[in-house]
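Working notes, beginning with the structure itself.
The values are calculated or read from the model by the stated rules, or taken from the named source; none is laboratory data. Keep in mind it's a predicted model, so treat the numbers as computed, not measured. A quick note on method: Cβ atoms are made from the backbone with ideal geometry, for glycine too, and the neighbour counts reach across all protein chains shown. Note: areas computed on protein heavy atoms with side chains; ligands, DNA, RNA excluded. Shrake-Rupley method; radii C 1.70, N 1.55, O 1.52, S 1.80 Å.
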Amino acid sequence: MPATTVFSGNYGLAPSHTFGLRRRRDEEASEHGGIWMSAETIVILGAGMAGGVAARTLRQEGLDGRVVTIGNEPTPPFGRPPLSKTYLRGEEELSGWLVNPEGWYESNRVDRVADTATRIDAITSKVEVGAGRPIPYGKLLLTTGGTNRPLGVPGAELPGVFQLRSVADCDAIKQAARRGARAVVVGMGFIGSEVAASLTQMGVEVSAVLPGAAPLESVLGPEVGEVMSGIHRDAGVKLVTGDEVVRFEGANRVERAITKAGDELICDLAVVAVGIRPTVDVLEGTGVAVDNGVMVDAMCRTNVPGIFAAGDVANHLHPLFGRIRVEHYNNAEKQGAAAARSMLGSDAAYGYIHTFWSDQYEHKLEYVGHVRAWDRFIMRGAPEERKLVGFYLTEGVLRATVGLNRGGDPELDDRDELAAAGRLIARQARPEPLALADESVALDDL
Ligand SMILES: Cc1cc2nc3c(=O)[nH]c(=O)nc-3n(C[C@H](O)[C@H](O)[C@H](O)COP(=O)(O)OP(=O)(O)OC[C@H]3O[C@@H](n4cnc5c(N)ncnc54)[C@H](O)[C@@H]3O)c2cc1C
């Protein structure tokens, strides 16, 4: 277990402007390993996207009290998207993806504890890090993200078989992915698809094994899946569909992947991208309700008073979409901020109309809304040119929309058609199917 490191800190007790936090007159401050703690201390467990944004929001909202982040990655909070794209391909460093700039934590008196939290005592309100050092909290935000699901087949532990979540994972893949190497990508969800695209762009020969008929089919449906298949095949990816890897073989390192259908895929490296599971181990014994992530209400509150959750780990009650857990950057950012405001006493429900994007080769996918199963799919645009908008409806109500190469950014541009689709989704519109399919009809007119 690495020794705890405190990166920054102003250890004096600052005057309190608690913005809705219940100020305890009998608050006790005590010293723990050099960090002054008080009943008002807000501890953010998990220093990734959601955690970094939450810390920033607490300060932006005027909280003057103590804030501590606990995180076990060597980097300060950063955005992971370049790990399957520009950083993997060696086109970009991560400095532009830091959640808060270098020096921000120190100048904003946010203490960064670089260690693994091993236990939470929800009775005495303490997080234990490392070998059991307690860090007391007044309120606790869980932003522990997700952990890659293992493939669980023989040979998965062979050198050369990788998964991707951290910078170290990415660096290891990058090192193995020399031009001319052969790679097997297992799973063609977002991470698998992006890695397959990046490796191909790096001159690696890629075979991708997927259980369905097309990449991203389960999220985007067969129509868009078929378009994505065409994109990958045209780039040179061998798609092994309707199949699964049952073992990896190799003397000292992975040399081939064997599929259920009996295919033998020779490879120098493999990347397993079969999804994540929410990282909840540290919650054992706390009484915090867990079911496909940490169960939170619309204010990001768990069932245990004073404990909140946000980001990939949070299974939240969305006012429109019901109970969902979202594994995307924009949610981590928005929900990290929303949870911070809830901790400061806001009672606003987190009702973000979810959006995400994925970059594969020169193609950009953008998505707004949320739907797992739909009964009608309507497309406008030109799938053969790989420019399209797809609408997902349930009982006539527009629930989600995907755009492929339609330009704009729904986060930034109000006039963007995905932003317009987001407005329709927010008001649970029942657009006329013929109008949806008609390029000449502006979505805002529906
Ligand atoms: C390679 C890759 C590419 C991606 N690309 C996109 C994209 O293009 N578009 C998009 O919308 N989304 C993308 N995502 C998803 C997006 O990055 C995640 O949704 C986001 O990182 C979630 O943020 P988070 O803060 O909830 O979790 P994380 O970023 O995972 O942060 C959680 C942190 O908590 C730490 N932690 C966990 N347990 C403990 C513990 N017990 N003690 C201490 N620390 C702990 C973890 O190490 C980690 O640092 C991508 C993800 C990956 C992996």
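Of everything listed in (1) more than 30 Å from His232 (Cα to Cα); (2) open to solvent by less than 20 Å² (accessible area, probe 1.4 Å); (3) outside the structural domain of Ser125 (by TED's automatic domain parsing), the single unmet condition for Ala348 is (2). Just to be sure, is Gly130 at pLDDT below 95 and open to solvent by less than 40 Å² (accessible area, probe 1.4 Å)? So Gly130 fits the description; yes.
For region 239-247, does any single residue satisfy the condition of being under 21 Å from Lys85 (Cα atoms) and outside the structural domain of Tyr392 (by TED's automatic domain parsing)? Yes, because at least one residue in region 239-247 is under 21 Å from Lys85 (Cα atoms) and outside the structural domain of Tyr392 (by TED's automatic domain parsing).
Residues checked against (1) among the small types (Gly, Ala, Ser); (2) within 13 Å of the ligand (Cβ to nearest atom):
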| residue | (1), (2) |
| --- | --- |
| Asp263 | no, no |
| Asp297 | no, no |
| Pro319 | no, no |
| Asn330 | no, yes |
| Lys334 | no, yes |
| Ser342 | yes, no |
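Is region 147-161 home to any residue that is buried (at least 22 other Cβ atoms within 10 Å of the Cβ) and within 9 Å of the ligand (Cβ to nearest atom)? Within region 147-161 (the criterion being buried (at least 22 other Cβ atoms within 10 Å of the Cβ) and within 9 Å of the ligand (Cβ to nearest atom)), the answer is no, since none of the residues qualifies. With respect to (1) under 30 Å from Leu58 (Cβ atoms); (2) at pLDDT below 95, the lone exception for Glu417 is condition (1). The set of residues from region 351-371 being open to solvent by less than 20 Å² (accessible area, probe 1.4 Å) and either among the charged types (D, E, K, R) or touching an Asp or Glu at 6+ places or on another chain (Cβ under 7 Å) (or both) comprises Thr355, Ser358, Gln360, Glu366.
Within the set Thr124, Thr144, the sole residue that is open to solvent by 30 Å² or more (accessible area, probe 1.4 Å), part of a loop (DSSP other than H, G, I, E, B) and either within 16 Å of the ligand (Cβ to nearest atom) or modelled with pLDDT under 95 (or both) turns out to be Thr144.
Within region 42-101, which residues are near the ligand (Cβ under 7 Å from one of its atoms), in contact with a Ser or Thr (Cβ under 7 Å, 6 or more places away or on another chain) and open to solvent by 50 Å² or more (accessible area, probe 1.4 Å)? Passing the criteria: only Asn72.
Scanning region 160-177 for residues that are touching a helix residue (DSSP H, G or I) at 6+ places or on another chain (Cβ under 9 Å) and either in a loop (DSSP other than H, G, I, E, B) or under 20 Å from Phe248 (Cα atoms) (or both) returns Gly160, Phe162, Gln163, Leu164, Arg165, Ser166, Asp169, Ile173, Ala177. Please tell me if Thr200 is out of contact with any helix residue (DSSP H, G or I) (no Cβ under 7 Å at 6 or more places or on another chain) and either within 24 Å of Glu92 (Cβ to Cβ) or modelled with pLDDT of 95 or more (or both). No.
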